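Shown below is the structure under consideration.
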Amino acid sequence: RDAFDAATDHVFVMGWDGFDLDSQYLLVNGDSILPPMTWRAGSKHRIRLVVIGPGGRVDTKLAQDSVVMKWTPVAKDGADLPDAQRIARNAQLRMESGETADFEFTPPRRGEYVMTMRLSDSKGPLTQRIIVR
């Protein structure tokens, strides 16, 4: 419904490169090296996670100093969630291929946050640094 605002709306499209489990590498927005993002403190940010790989699952977590943050789910697979399901919860999620999920997150303080995304059975996570000013 709302107009896209690149400062507060963030889309993470996750897929992978490689055909067998020993050589798969997670890609986010088509890349395996993610430059740091800068977000505004005190602003509500909308995070859209999309898994487009041919099979497997992706585990995602948003933390600051190893403390898992809270986010509020607002949509699942393109449909807005009813108010009763929009309850803040730990910012951790396991998604399968073909799923999308939208969350709202307001950083509670300035500093560095890290979103980790790990493809099942891959060699390691991909990290997205988020600098909140």
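The values are calculated or read from the model by the stated rules, or taken from the named source; none is laboratory data. Keep in mind it's a predicted model, so treat the numbers as computed, not measured. A quick note on method: Cβ atoms are made from the backbone with ideal geometry, for glycine too, and the neighbour counts reach across all protein chains shown. What goes into the accessible areas is simple: the full protein's heavy atoms, side chains included, and nothing from ligands, DNA or RNA. Shrake-Rupley method; radii C 1.70, N 1.55, O 1.52, S 1.80 Å.
According to the square roots a ≥ b ≥ c of the eigenvalues of the Cα gyration tensor, what is the shape class of the stretch 38-114, taking rounded for a/c under 1.5, prolate for a/b larger than b/c otherwise, and oblate for the remainder? All intermediate terms of the calculation are to be shown ahead of the outcome.
Details: a/c = 2.03, a/b = 1.37, b/c = 1.48.
It is oblate, given that a/c is not under 1.5 and a/b is not larger than b/c.
While we're looking at this one, here's another question. Stretch L81-D9 to full length: gain in nm at 0.36 nm per residue minus the Cα-Cα span? It would help to have the intermediate numbers written out before the result.
Details: separation 72, 0.36 × 72 = 25.92 nm, distance 1.76 nm.
Answer, rounded to one decimal: 24.2 nm.
In terms of the ratio Rg/(2.2 N^0.38 Å) built on C-alpha atoms, what value belongs to the stretch 1-77?
Working it through for the stretch 1-77, the quotient is 1.26.
Residues with amide H under 5 Å of V74's amide H, sequence separation 5 or more or different chain, H placed in the peptide plane at 1.01 Å from N; which?
Answer set, sorted by chain and number: D102, F103, E104.
Same structure again: Rg to Rh for the chain: what is it, with Cα atoms only and Rh by Kirkwood?
Numbers: Rg = 14.5 Å, Rh = 15.2 Å.
Ratio value, two decimals: 0.95.
How large is ³J(HN,Hα) for each residue in the stretch 27-43, as worked out from phi by the Karplus curve 6.51 cos²θ - 1.76 cosθ + 1.60 (θ = phi - 60°), to whole Hz, x for Gly and Pro?
After applying 6.51 cos²θ - 1.76 cosθ + 1.60, I find 10, 10, 6, x, 9, 9, 10, 9, x, x, 9, 10, 10, 7, 5, x, 9 Hz.
Next up: Using only alpha carbon pairs under 8 Å that are at least six residues apart, calculate the relative contact order of the stretch 1-92 and give it in whole percent. Intermediate values should be presented prior to the final figure.
Details: 106 pairs, mean separation 22.7, N = 92.
Rounded, it is 25 percent for the stretch 1-92.
Can you work out the FRET efficiency for the pair D31 and T127, with r the C-beta to C-beta distance and R0 = 22 Å, to the nearest 0.05?
Values: r = 12 Å, r/R0 = 0.57.
For R0 = 22 Å, the calculated efficiency reads 0.95.
For E112, what is the net charge nearby, where nearby means another residue's Cβ is under 13 Å from its Cβ and Lys, Arg count +1, Asp, Glu -1?
Numbers: positive: R109, R110, R129, R133; negative: D65.
Result for the local shell: +3.
Top to bottom by accessible area (1.4 Å), largest first, where do K76, K44 land?
Solvent-accessible surface, decreasing: K44, K76.
With a ≥ b ≥ c taken as the square roots of the eigenvalues of the C-alpha gyration tensor of the stretch 44-83, please select rounded if a/c is under 1.5 and otherwise prolate if a/b is larger than b/c or oblate if it is not?
Working: a/c = 2.55, a/b = 1.11, b/c = 2.30.
Because a/c hits 1.5 or more and a/b fails to exceed b/c, the stretch 44-83 counts as oblate.
Can you pull the accessible area of T116 for me, 1.4 Å probe, Å² to the nearest 10?
Looks like 40 Å² after rounding.
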